[in-house]
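Presented below is the structure to which this report refers.
Readers should treat all values here as calculations from the given coordinates under stated rules, not as data from a laboratory. As the structure is a computational prediction, the values presented were derived from the model and not from experiment. Here the Cβ positions follow ideal geometry from the backbone for every residue, glycine too, while neighbour counts run over all protein chains shown.
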Amino acid sequence: MNQIPPLFWDSSALVSLLLKEKRSALVISLWEQHTEMYGWEWILLEVDAALIRRKALPEIFKIWRELQRGLRLLSLASADLRELRRMNMDIGLRAADAGHLFVFEQLSARVPNVTLVSFDKEMVEAAHRLGLSVHPDCS
């Protein structure tokens, strides 16, 4: 039997779960098929901001609050900032994207087969350069 890998979600994919976008069907399917899902806690602010900027209806915010229960939110310790900055010198991402990828890399060392779900092209390319697993539909 084929084991379903755990997923690490970026805000670009979660927003597609909440608002109708080109890849919404894909992320809905992924969300429904997987039970072990992770994200960096910063994702809460990023998705909130995206929904606010796109003037999402209150019902969407309610769905977002419910979906949050399915995510295992991970923290980035202040003590890790030096290492994060060093990593980003090599990959050159925007600050929050570097944070997501750093937390994902740390999780990958502890959780076998965890896979990134992101539609951010630069983040996906950087994940590949670091040898991290990216969902094939995101590449």
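State the answer as a single residue: which of V124, A56, L93 lies farthest towards the positive end of the charge dipole of the chain, with beta carbon charges of +1 for Lys and Arg and -1 for Asp and Glu, about the Cα centre. With unit charges placed on the Cβ atoms, the residue in question is A56. Legend: ranking of residues T115, T35 from fewest to most surrounding C-beta atoms inside 10 Å; resulting order T35, T115. In a fully extended conformation the segment linking Q33 and I52 would gain 4.0 nm over its present Cα-Cα distance, using 0.36 nm per residue.
Give the cross-link partners of K62 among the lysines, using a straight C-alpha distance below 26 Å as the criterion and excluding same-chain residues fewer than 8 apart. In chain and number order, the partners are K20, K22.
A simple charge model with +1 on the Cβ of Lys and Arg, -1 on the Cβ of Asp and Glu and nothing else charged puts the dipole of segment 7-134 at about 260 debye relative to its Cα centre. Using C-alpha pairs below 8 Å separated by at least 6 residues, the relative contact order for the chain is 31 percent. Obtain the radius of gyration and the Kirkwood radius of segment 1-99 from its C-alpha atoms and give Rg over Rh. On the Cα set of segment 1-99, Rg over Rh gives 1.00. Taking GluC sites (Glu not before Pro) in DSSP loop states with no more than 16 other Cβ atoms inside 10 Å as exposed sites, the chain has its longest site-free stretch at 42-139. Loop-located trypsin sites (Lys or Arg not before Pro) in segment 67-108 (DSSP state not H, G, I, E or B) with no more than 13 neighbouring Cβ atoms inside 10 Å: R69, R94.
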